[in-house]
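To start, the structure itself, in structure tokens.
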Amino acid sequence: MTDVSKEHTTSFKKQASYNDKRNVVNKAHLIEPIIRHRIQDSIFYKQYLYLTNEASILQVIVSKVKYVAGTDSNGRPSPFISCLLRLLELEPSSEIIDAYMDQLGYNEFKYLTALVLIYVRLTGSSEQVYRTFDKYFQDFRKLRFRMKSPTFNEMKLPVNYRITYMDEWVDDLLSNERVIDTILPRLIPRQTLVERGQLAPREYSVEEEVAKREEAGDEKEEEAESEYESDSD
């Protein structure tokens, strides 16, 4: 093998390798350095997040996070991504994450739910991500999303926010490579995990509705047949 071919093979191997960011020792490094430093230097982080723990951060999230966003056009971090960084620094246990989701997140505090979902997407295994996200495909709660740059309506007034939904947020976390200025780790395709027997196939609500309608139709047919038989008697 010539030297040229050896160099080509070496460069190909380097390109083929993938460094999974979930393996970093400090989970805070999942946020890009420039954004991470801006968050840590921000007044919001120093005032509300610097001394928080797994329990006290909940009050900050519930009271201060009112929309989903990364940084604005001037590079200023939002409360949402600031709280995300703090969660990554704290690295709460799986039991605490379950408590956030099951006891607090779903019923009332939707931005806590959205925040924990992206935390799980950044730190969890592919199997854990799919299992967690399956619960929220039928979650249609509205979320305010702050755009990086405003758009203008018919009256030439700036519009900084748009409305999205929790199920759309889940879909973005699964299908996009980057959300709110954060690069997401790669996921093993769900079909691969299904073939390995590690995960069940995804159930769609359409299939459930079709099955319910078919059952309802069968019941109506049985009732009609019983009425017909009684009339003939």
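Of note:
- In a DSSP loop and with at most 13 other Cβ atoms within 10 Å, the chymotrypsin sites (Phe, Trp or Tyr not before Pro) in the stretch 23-76 are TYR50.
- Along the stretch 64-74 the Karplus relation, 6.51 cos²θ - 1.76 cosθ + 1.60 evaluated at θ = phi - 60°, assigns HN-Hα couplings of 10, 8, 10, 6, 9, 5, x, 10, 8, 5, 9 Hz to successive residues, with x for each Gly and Pro.
- If you sort the three axes of the alpha carbon gyration tensor as a ≥ b ≥ c, you get a/c of 1.5 or more for the stretch 68-188 and a/b above b/c, which makes it prolate.
Every read-out reported here was derived from the displayed coordinates using simple, explicitly stated rules and does not represent laboratory data. For clarity, every value in this text was computed on a predicted model and none was experimentally measured. Reconstructed Cβ throughout: ideal geometry from the backbone, glycine too, with neighbour counts over all protein chains shown.
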